[in-house]
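Take a look at the structure set out below.
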Amino acid sequence: MKLNGKLGTIFAALILCLGIEGCGGGNASSPPPIVLIAVSPSAATVISSGTQSFTATVTGTTNLAVTWSVQEGAAGGSITSAGVYTAPQTIGTYHVVATSQADKSKSAMATINVPPPSVSITPAMDTLGPSEKRTFVAIVGGTNNTAVAWSVQKGAASVHKSSYPILSQYAARCAQTVQSEPSAV
């Protein structure tokens, strides 16, 4: 009877060990952490040939490195390994992508808008009498190149009936002023 008691104890201990191992005890491995990635800013407006810095935040791994790319390829601009994006000279919507080096299936994207250049002139409208001068200012946006070429277009000005005799003299003076001093017309 003593033998059966020892055998029963060994059998019970064996079942207990197998039960613990089967329920996740012992050397069972834990699931890998979930890698998450985010890009900041998530959207930006960048002028033609302009630059914008992006940052990527990676969590769930000790490897925080990312690989940067432009979804549209070279036509959509370029981005350095430090996350500095340079816009193309073509207007449009483009996307920069940061891909986790720890888990290449994890990536995040930012949307970039490259707007068309714009030009406005101040003052937009003015009334001048004979021999009067006015300085106009051109405000250029959407590009790094802010140079403007001034010209006077025929019919672009409205004239009062009493001003007709001076119209041709005024247009000639404007053309000469534009060539010698681009901001004064």
Exercise. Restricting to region 72-100, what's the tally of residues that are surrounded by 14 or more Cβ atoms within 10 Å (Cβ to Cβ) and of a type outside the set (Val, Ile, Thr)?
Worked result: 13
Problem set entry | Residue in region 85-103 that is farthest from the chain's Cα centre (by Cα), counting only those that are within 15 Å of residue 65 (Cα to Cα) and among the β-branched types (Val, Ile, Thr) | 99
Seminar exercise, completed: Checked 57, 90 against criteria (modelled with pLDDT of 95 or more and polar (S, T, N, Q)); the one match is 57
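Quick check on region 21-43. Is at least one of its residues in a loop (DSSP other than H, G, I, E, B), closer than 30 Å to residue 114 by Cβ, modelled with pLDDT of 95 or more and of a type in the set (Gly, Ala, Ser)?
Yes.
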Exercise. Across region 77-90, what is the number of residues that are out of contact with any Gly (no Cβ under 8 Å at 6 or more places or on another chain) and on the phi < 0 side of the Ramachandran plot?
Worked result: 8
Exercise. Is at least one residue of region 141-162 at pLDDT 95 or above, loosely packed, with under 11 Cβ neighbours inside 10 Å, farther than 19 Å from residue 44 by Cβ and more than 14 Å from the chain's Cα centre (by Cα)?
Worked result: no
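The values are calculated or read from the model by the stated rules, or taken from the named source; none is laboratory data. Please read these numbers as outputs of a predicted model, since none were measured by experiment. A quick note on method: Cβ atoms are made from the backbone with ideal geometry, for glycine too, and the neighbour counts reach across all protein chains shown.
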